[in-house]
Amino acid sequence: MRTTTSSRSRRLAASAIVLGGFLALAVPVAPAGAEPTAEAVKTVFLGDSYTANYGIFPINNRDNWRGRCFQATDNYPAVAARTLAGKGITVDVQADVSCSGARIDSYWNEQQLL
């Protein structure tokens, strides 16, 4: 069975592509070197061993019970905040409770650390 596209359908598709291109070009762009005007973004980091960067030393909170989370000093939240700061976005970290061994219920209940 042979399928053909009508010329009207082709014209509509081409018009949609051209219109999309014009709309993309119409978006205002900040000049290079412009100072960011946004306030610090309040952020809370939650996560398991992947977020905590389990197995990477040094470890945060070695002197208290949170040290049993094995949360690396250079964990994902620290890297994300540093990367965003490099792009002019300030992150106000309210809490970083990433913890190795966290499960789904750890989002609602305090994790029992062994």
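What follows draws every value from the coordinates through simple rules; no lab data is involved. All values reported here derive from a predicted model rather than from experimental measurement. Ideal geometry is used to build each Cβ from the backbone, glycine not excepted, and the neighbour counts take in all protein chains shown.
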**Request:** Give, rounded to the nearest 20 debye, the magnitude of the charge dipole that the stretch 37-110 has about its Cα centre when Lys and Arg contribute +1 at Cβ and Asp and Glu contribute -1 at Cβ.
**Result:** 140
**Asked** Once label points are set 7 Å from the Cα along Cα→Cβ at both ALA80 and VAL93, what is their separation, rounded to one decimal in nm?
**Response** 1.1
**Prompt:** Between ASN75 and residues 5 or more places away or on another chain, which pairs have amide H atoms under 5 Å apart, with H built 1.01 Å from N, and which residues are they?
**Reply:** none
**Fill in**
Taking r as the C-beta separation of TRP108 and ALA38 and R0 as 41 Å, the FRET efficiency to the nearest 0.05 is 0.85
